[in-house]
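So the structure is just underneath, and the comments pick up after that.
The values are calculated or read from the model by the stated rules, or taken from the named source; none is laboratory data. Keep in mind it's a predicted model, so treat the numbers as computed, not measured. Note: ideal-geometry Cβ built from the backbone for every residue, glycine included; neighbour counts use all protein chains shown. These accessible areas exclude ligands, DNA and RNA; they are computed on the full protein's heavy atoms, side chains included. Shrake-Rupley method; radii C 1.70, N 1.55, O 1.52, S 1.80 Å.
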Amino acid sequence: MNNDISISTEKFKFKFRVSGILLVDNRILTVKINNNDFYCFPGGHVELMEDTKDAIIREFREETNIDVKIERLLYITENFFKGNLGNFHELGFYYLLKPINNVIAQDFELVEKDKDENVNLKFEWKKIGELNNFKPEFIKNELDFNNKSIKHLIIKDDRII
C-alpha cells in the first residue's frame with residue numbers, strides 16, 4: 001500500500017517531500033535518479049501520519065544506507081514547476097543532516113526497491129560551489145549554512161500551464 005502524501009489530477013501533481021543536505025568534509029551528498037540529466041538531494045515523499053523529521057531519517061536510511069541525525073531545518077519551499085511528467089506543486093522541507101557514524105565522502109551507486117520498482121541511484125559528493133545540473137535550481141543561490149533562521153521560499157515556474 002502506498003502511503004505517500006501525493007495527489008494527481010489530469011493536469012497537476014502535488015507532492016509533499018523531504019530532502020537531506022548531508023555535509024561531510026566540505027562536500028554535499030547528491031543523487032542522480034534513474035539516469036536523469038540532473039542531480040538533487042537524497043530524500044522522498046512524506047507518508048501519511050509521518051512527520052517530516054521521521055521521514056527524512058527513514059528516506060536517508062532507505063536510499064543511502066546512512067544513519068543520520070538532524071542538525072536543523074534550513075528551508076520550507078513551495079515549488080511550482082514543469083517537470084518531465086507534467087506540472088507539479090511541491091511542498092518541501094530541507095534538513096541539514098549529520099551522519100551518526102563515520103562516513104567517507106566517496107561516490108557510490110545503489111538500487112532501491114520503491115513501490116515494486118527498481119530505482120537506480122547514483123550518489124556523488126560535490127563541493128558546495130559545484131551544484132551544476134542540480135534541481136531544484138534555486139538551491140544554487142540560496143544554500144547558506146551560516147543563516148540560523150528557517151527560510152520559506154515560494155518558487156513559481158512561468159512554464160506551468
So the check is Cβ under 7 Å with 6+ separation or different chains; which pairs have a first residue in segment 134-161 that's on the phi < 0 side of the Ramachandran plot and surrounded by 13 or more Cβ atoms within 10 Å (Cβ to Cβ) and a second one that's aliphatic (A, V, I, L, M) and assigned to a loop (DSSP other than H, G, I, E, B)? ILE139/LEU131; LYS140/LEU131
Identify, please: which residue in segment 12-26 is in contact with a strand residue (DSSP E or B) (Cβ under 6 Å, 6 or more places away or on another chain) and farther than 14 Å from LEU96 by Cβ and is, among those, surrounded by the most Cβ atoms within 10 Å (Cβ to Cβ)? ARG17
Return the pair list, or none, for Cβ contacts closer than 9 Å from residues in segment 106-120 that are loosely packed, with under 10 Cβ neighbours inside 10 Å to residues that are of a type in the set (S, T, N, Q) and part of a strand (DSSP E or B), at least 6 apart or on different chains. VAL111/ASN118; VAL111/ASN120
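So which residues in segment 94-105 are of a type outside the set (Ser, Thr, Tyr), surrounded by 15 or more Cβ atoms within 10 Å (Cβ to Cβ) and at pLDDT 95 or above, if there are any at all?
Going residue by residue through segment 94-105, those that are of a type outside the set (Ser, Thr, Tyr) are 96-105.
Then keep just the ones that are surrounded by 15 or more Cβ atoms within 10 Å (Cβ to Cβ); that gives 96-97, 99, 103, 105.
If the condition is that a residue be of a type outside the set (Ser, Thr, Tyr), surrounded by 15 or more Cβ atoms within 10 Å (Cβ to Cβ) and at pLDDT 95 or above, then LEU96, LEU97, PRO99 are the ones that fit.
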What number of residues within segment 121-133 satisfy the criterion of being open to solvent by 30 Å² or more (accessible area, probe 1.4 Å) and more than 16 Å from LEU23 (Cα to Cα)? 3
